[in-house]
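Let me begin by presenting the structure, written as structure tokens, before commenting on it.
The values are calculated or read from the model by the stated rules, or taken from the named source; none is laboratory data. Just so it is clear, the model here is predicted, and its values are computed rather than measured. Glycine also receives a Cβ, built like all others from the backbone with ideal geometry; neighbour counts cover every protein chain displayed.
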Amino acid sequence: MSNEVSKESQPDSILEEMAQPFSRRNFFGIMGAGTALMVTAAACRKYNPGEGGGHHTGNGGVNLGSGDIGILNYAYALEQLEAAFYTQVIATPYSRISSTELYYLKDVRDHEIAHREFFKAALGSMAIQKLEVNFSSINFKDRTSVLGTAKAFEDLGVSAYNGAGKLISNADYLTIAGKIVSVEARHAALIRDLIMPGSFADMTVVDSNGLDGARTPDEVLSIAGAYIKTKLDASNLPTS
Amino acid sequence: MNLQNILSEIETTDPEVYDKFDTRRNAMKSFAKTSGKIALASIPFALGSIFQKAYGSPTGTSGIIIDTLNFALTLEYLESNFYIKAVASGIIPVGESLNALTVIRDHENEHVAFLSTAITAAGGTPVSFKATDFDFTAKGNFPGVFTDYGTLLAVAQTFEDTGVRAYKGQAPNLISNNDYLQAALQIHSVEARHAARLREMRKKANLLVPAGVDVKPWITLNQSGIASPAVQASYDGEESVVQAGVTITNIGGFPISAKAASEAFDEPLTKDQVSAIVKPFFN
């Protein structure tokens, strides 16, 4: 990915690559690996770059779209939720917030805004609309409520990206998702340690194989849905 | 990915596949029989071994996947052996610090076991290392690695941040196999949690932190936060503020600084870059 970065910058350059099921580099990587992998890759049938989301479906939900675009919109929806949450946290800090906590939470807010705006720019006309959030269950004056919600959002975000990676066809998009998920994991560890020092990777999130969580879009959206007022339709997202 | 698709595709490529499996039904039965005996989580790995039985070589998973998993396993051995010695060094403050490093050590041991099992199940041969294979002074760059707490934390942070970048760089090599890809991602984010924790510990201990540099749980620009040029290669490139052609600084009219823009995205390293970084730690 790093050699892509210096490429002539176009707001919709990420979309230009959609026509190709795999980037050329990755394609040749697979060719070199021999017939066996080609069989597996073909069997996966993950070539569809997908259709844009945004339009309302029969059930009134905002359609995330299909293929890779659907997954990018799914990530965009989650980043919208996180960015809205931290924007509120910084606008109305909880009682007796420490200077260190405020300092870190401002950073986290900026990271989440950067993620949200990145997806918005990258998706361009394929992007879903701005979502309405529902934070009525959160007491923004209360440290326990705010940090508890932050922890839930960060762990959920990590598991969402971990579960979505395999649904992505394009290697460059997979790398983008990878660049973001590790930052979400850093957030999760910090927030957890603010709540309870040493809980950065405890047994509630890391299993006995040393693996972090992974959730399907349906599992994630059923949890995140409590905080998103706008109805989402994830029915066209890839499932494998 | 789905099993029916794989079988159909193999049938196209190799019409004799069912002679090898006997019949399609037996292939399914063979899978069902095997999967009945093993935990659900290891089914993908069992699938690899079924193909291996049919073809006598690791056909269900390819060389590039085995190679990638062995590369990951090599890094996990490095980390695991490091933390085993670190925890036993006697220089880590008892309490929160020692507890954290113990948790991290246990995860790295689990990653070694998990990847070794996965590679074997896929028909590959897992690499193996022993304690004497490593030189944690990195050819004298970190002479105090197990006698000086600041050096120990600095090396630990570098291993974790490098590990995060290494897994990120290898993920595309696993894109053809959903199960290995997901497992690798699930390790990747655990390494990032470790990195964040070690960075908190370094900030608190304030050892080997260059003047004027703030060590945060995330990577700012290309700053290591470590007063040693020996670790710089692990941080070069992290200063990027352009992602897929999109400039992140001040994006959408929001006041996102270059620091925040660089922190918001971790950057991958290639296998060659990672190999060059860890090479001094191997005898």
Problem set entry | Options B:97, B:116, B:89: the member that is in the same structural domain as residue B:192 (by TED's automatic domain parsing), modelled with pLDDT of 50 or more and under 21 Å from the mean Cα position of the chain (by Cα) | B:116
Exercise. Which of (1) surrounded by fewer than 24 Cβ atoms within 10 Å (Cβ to Cβ); (2) more than 12 Å from every other protein chain (Cβ to nearest Cβ) is the odd one out, the single condition residue B:155 does not satisfy?
Worked result: (1)
For this session: Just one of (1) touching a residue at least 60 places away in the same chain (Cβ under 8 Å); (2) under 10 Å from the mean Cα position of the chain (by Cα) trips up residue A:166, so point out which.
Result: (2)
Exercise. Which residue, of A:220, A:181, is closer than 22 Å to residue B:189 by Cβ, of a type in the set (Val, Ile, Thr), at the interface with chain B (Cβ under 7 Å from one of its Cβ atoms) and under 17 Å from the mean Cα position of the chain (by Cα)?
Worked result: A:181
Exercise. In the range B:172-191, how many are surrounded by fewer than 24 Cβ atoms within 10 Å (Cβ to Cβ) and either farther than 22 Å from residue B:269 by Cβ or more than 7 Å from every other protein chain (Cβ to nearest Cβ) (or both)?
Worked result: 2
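Looking at the range A:144-174, which of its residues are touching a Lys or Arg at 6+ places or on another chain (Cβ under 7 Å) and either buried (at least 22 other Cβ atoms within 10 Å of the Cβ) or charged (D, E, K, R) (or both)?
Kept after step one, since they are touching a Lys or Arg at 6+ places or on another chain (Cβ under 7 Å), are these residues of the range A:144-174: A:151, A:159-160, A:163, A:169.
A:151, A:159, A:160, A:169 - these are the residues of the range A:144-174 that are touching a Lys or Arg at 6+ places or on another chain (Cβ under 7 Å) and either buried (at least 22 other Cβ atoms within 10 Å of the Cβ) or charged (D, E, K, R) (or both).
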For this session: State all residues of the range B:79-137 that are within 23 Å of residue A:206 (Cβ to Cβ) and of a type in the set (D, E, K, R); if no residue qualifies, say none.
Result: B:79, B:85, B:96, B:105, B:106, B:108, B:110
Exercise. Out of all the residues in the range A:185-215, which are of a type in the set (D, E, K, R), under 21 Å from residue B:182 (Cβ atoms), more than 7 Å from chain B (Cβ to nearest Cβ) and touching a residue at least 40 places away in the same chain (Cβ under 8 Å)?
Worked result: A:215
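Assess whether residue B:224 counts as being touching a Phe, Trp or Tyr at 6+ places or on another chain (Cβ under 6 Å), in contact (Cβ under 8 Å) with a residue 60 or more places away in the chain and surrounded by 22 or more Cβ atoms within 10 Å (Cβ to Cβ). If you could, list the steps in order and put the result at the bottom.
Working: touching a Phe, Trp or Tyr at 6+ places or on another chain (Cβ under 6 Å): yes; in contact (Cβ under 8 Å) with a residue 60 or more places away in the chain: yes; surrounded by 22 or more Cβ atoms within 10 Å (Cβ to Cβ): yes.
Answer is yes for this residue.
Considering only the range A:15-25, I want to know if a residue exists there that is of a type outside the set (Ser, Thr, Tyr), at pLDDT 65 or above and out of contact with any helix residue (DSSP H, G or I) (no Cβ under 9 Å at 6 or more places or on another chain).
Looking only at the range A:15-25, we keep the residues that are of a type outside the set (Ser, Thr, Tyr), and these are A:15-22, A:24-25.
The next check asks that each one be at pLDDT 65 or above; those that pass are none.
No, because not a single residue in the range A:15-25 is of a type outside the set (Ser, Thr, Tyr), at pLDDT 65 or above and out of contact with any helix residue (DSSP H, G or I) (no Cβ under 9 Å at 6 or more places or on another chain).
Hey, among A:165, A:65, A:157, A:148, which residue is part of a helix (DSSP H, G or I), in contact with a Gly (Cβ under 8 Å, 6 or more places away or on another chain) and over 22 Å from residue B:255 (Cα atoms)? Outline the logic, then answer.
On the way: A:65 fails: part of a helix (DSSP H, G or I); A:157 fails: in contact with a Gly (Cβ under 8 Å, 6 or more places away or on another chain); A:148 fails: in contact with a Gly (Cβ under 8 Å, 6 or more places away or on another chain).
Exactly one of A:165, A:65, A:157, A:148 is part of a helix (DSSP H, G or I), in contact with a Gly (Cβ under 8 Å, 6 or more places away or on another chain) and over 22 Å from residue B:255 (Cα atoms), namely A:165.
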Exercise. Checking residue B:194 against (1) more than 7 Å from chain A (Cβ to nearest Cβ); (2) in contact with a His (Cβ under 8 Å, 6 or more places away or on another chain), which single condition isn't satisfied?
Worked result: (1)
Problem set entry | Those residues of the range B:245-283 which are assigned to a helix (DSSP H, G or I), more than 7 Å from every other protein chain (Cβ to nearest Cβ), surrounded by 15 or more Cβ atoms within 10 Å (Cβ to Cβ) and under 25 Å from the mean Cα position of the chain (by Cα), in sequence order | B:262, B:273, B:274, B:275, B:277, B:278, B:280, B:281
Seminar exercise, completed: Per the list (1) within 22 Å of residue B:260 (Cβ to Cβ); (2) buried (at least 21 other Cβ atoms within 10 Å of the Cβ), residue check on residue A:71 breaks on (1)
For this session: Can you run down the residue pairs with Cβ atoms below 7 Å, 6 or more apart or on separate chains, where the first is in the range B:96-107 and within 14 Å of residue A:211 (Cα to Cα) and more than 8 Å from chain A (Cβ to nearest Cβ) and the partner is surrounded by fewer than 20 Cβ atoms within 10 Å (Cβ to Cβ) and at pLDDT 95 or above?
Result: B:105/B:84; B:105/B:87
Seminar exercise, completed: residue B:92 fails exactly one of (1) aliphatic (A, V, I, L, M); (2) touching a residue at least 24 places away in the same chain (Cβ under 8 Å); (3) more than 17 Å from residue B:157 (Cα to Cα); (4) away from chain A (no Cβ under 11 Å), namely (3)
